Amino acid sequence: MQRQQRAVIVGGGVMGADIAAIFAAGGHAVDVVQRPGKTRDSLGERIAKAVAQLGGTATEVVPRDTLSDVPWEDAGIVVECVNEDLALKRRIFAELESRSPSNIPLASNSSGHPISRIGEGLKTARRMLGLHFFMPAHMVPLVEVVKSGATDAAVAQSVFDLMARLGRKPVMVKKDIPGFLANRIQHALMREAWSLIERGIGTPEDVDTAVRYGFGFRYIAAGPILQKDMSGLDVNLAASKVVYPDLCNDATPIPTLAKKVAVGETGMKSGRGFYDWPPEKVAAEKARYQEALKRGLAILRAEDENN
């Protein structure tokens with residue numbers, strides 16, 4: 001696809017707006033399909049804020065009520081960002097197949113439903129792929145380009161290259177297994193973290209401190225494989241033989257987590273999770289978090305510019 005072609009974002013929620021901002025800051029005209037309502041009303045402001053955080057200047061961003069309102073003759077890529085509802089996603093992709101130019105990539109930002117299921121039975125599944133961003137999408141550089149068994153390798157590579165041009169850090173996930181690549185690693189960590197809390201070995205605060213100020217502190221400088229190459233694979237092998245047999249291998253989430261969700265203690269959005277979240281604390285923590293991400297991103301960008 002050509003850089004000047006339009007990007008069509010289906011869904012203008014949190015992820016959709018941030019992904020639209022990535023394309024807008026990169027010089028693309030953008031159409032965002034979002035029905036009228038509160039989400040639509042705040043769309044322009046949210047995209048403009050995200051573009052400014054990226055240090056860019058927004059190009060043309062146009063909200064559209066429905067897929068039929070999109071000027072498809074100029075479209076170069078579609079990214080679907082609606083709720084994690086498989087039936088809804090399948091309906092959208094069926095309509096995208098009939099409306100969009102036959103040669104453009106159709107991508108889904110789904111974190112739960114594999115693209116092979118979303119595009120199952122469609123005639124042009126070869127141009128369908130996962131394009132998985134991480135919240136906040138405009139600040140976190142990683143994006144996973146996820147291939148199904150039907151995805152054309154050239155289509156996947158073209159989207160990979162586009163993401164790189166837009167300043168993202170793409171990785172090619174060669175099979176759309178549950179959780180793809182990054183979330184599988186993250187869930188493996190979380191399973192052990194939840195287990196340590198459940199067993200009374202550490203508090204939530206202890207776990208957060210251990211990650212942020214211990215091995216997590218190193219990850220902005222080196223990923224886990226590079227770090228073990230630096231420290232010595234022989235050392236890691238010896239430690240693995242001792243630790244692996246005792247690691248949590250539960251197939252279900254811990255009871256404490258399930259109980260909290262059952263009573264509505266879901267974190268910041270409900271006012272309580274493993275921490276208490278009065279409104280003033282939520283605002284302060286979100287501001288701190290955004291500033292930390294900005295500083296981390298600056299480190300990575302400076303490193304890239306020097307390479």
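The values are calculated or read from the model by the stated rules, or taken from the named source; none is laboratory data. Quantities reported herein were computed from a predicted structural model and do not represent experimental measurements. Backbone-built Cβ (ideal geometry, glycine too); neighbour counts: all protein chains shown. Calculation scope for accessible area: heavy atoms of the full protein, side chains included, ligands and nucleic acids excluded. Shrake-Rupley method; radii C 1.70, N 1.55, O 1.52, S 1.80 Å.
Structural remarks
- Those helices (runs of 4 or more DSSP H) of the range 1-59 in which at least 2 residues are surrounded by fewer than 16 Cβ atoms within 10 Å (Cβ to Cβ), considering only elements entirely within it, cover 38-41, 43-53.
- Among the residues of the range 88-101, those identified as of a type outside the set (A, V, I, L, M) and over 15 Å from Ala150 (Cβ atoms) are Lys89, Arg91, Glu95, Ser98, Arg99, Ser100, Pro101.
- Residue match in the range 76-95 (condition: touching a Lys or Arg at 6+ places or on another chain (Cβ under 8 Å), open to solvent by less than 10 Å² (accessible area, probe 1.4 Å) and free of Cβ contacts under 8 Å to residues at least 40 places away in the same chain): no
- Residue match in the range 277-286 (condition: of a type in the set (A, V, I, L, M, F, W, C), surrounded by 12 or more Cβ atoms within 10 Å (Cβ to Cβ) and in contact with a Ser or Thr (Cβ under 9 Å, 6 or more places away or on another chain)): yes
- Considering residues of the range 246-265 that are part of a helix (DSSP H, G or I) and over 17 Å from Ile201 (Cα atoms) only, the residue least open to solvent (accessible area, probe 1.4 Å): Lys260
- Positions within the range 99-116 being open to solvent by 80 Å² or more (accessible area, probe 1.4 Å) and either at pLDDT 95 or above or of a type in the set (Phe, Trp, Tyr) (or both), in sequence order: Arg99
- Single condition Asp74 does not satisfy, out of (1) modelled with pLDDT under 95; (2) of a type in the set (Asp, Glu); (3) in contact with a helix residue (DSSP H, G or I) (Cβ under 9 Å, 6 or more places away or on another chain): (3)
- Some residue of the range 231-240 being modelled with pLDDT of 95 or more and either in a loop (DSSP other than H, G, I, E, B) or under 30 Å from Lys49 (Cα atoms) (or both): yes
- Within the range 87-126, being in a loop (DSSP other than H, G, I, E, B), within 22 Å of the chain's Cα centre (by Cα) and among the aliphatic types (A, V, I, L, M) holds for one residue alone: Ile104.
- Of the residues making up the range 192-230, those that are assigned to a helix (DSSP H, G or I), closer than 15 Å to Leu257 by Cβ and β-branched (Val, Ile, Thr) number 2.
- Residue in the range 267-275 that is among the basic types (Lys, Arg) and open to solvent by less than 60 Å² (accessible area, probe 1.4 Å) present: no
- Hits in the range 127-165 (condition: under 24 Å from Arg99 (Cβ atoms), in contact (Cβ under 8 Å) with a residue 60 or more places away in the chain and either open to solvent by 10 Å² or more (accessible area, probe 1.4 Å) or in a strand (DSSP E or B) (or both)): Phe133, Ser158
- Residue match in the range 113-129 (condition: in contact with a His (Cβ under 9 Å, 6 or more places away or on another chain) and not β-branched (Val, Ile, Thr)): no
- Entry remark, the range 177-188: residues being part of a loop (DSSP other than H, G, I, E, B) and either closer than 24 Å to His138 by Cβ or touching a Gly at 6+ places or on another chain (Cβ under 6 Å) (or both) number 3 in total.
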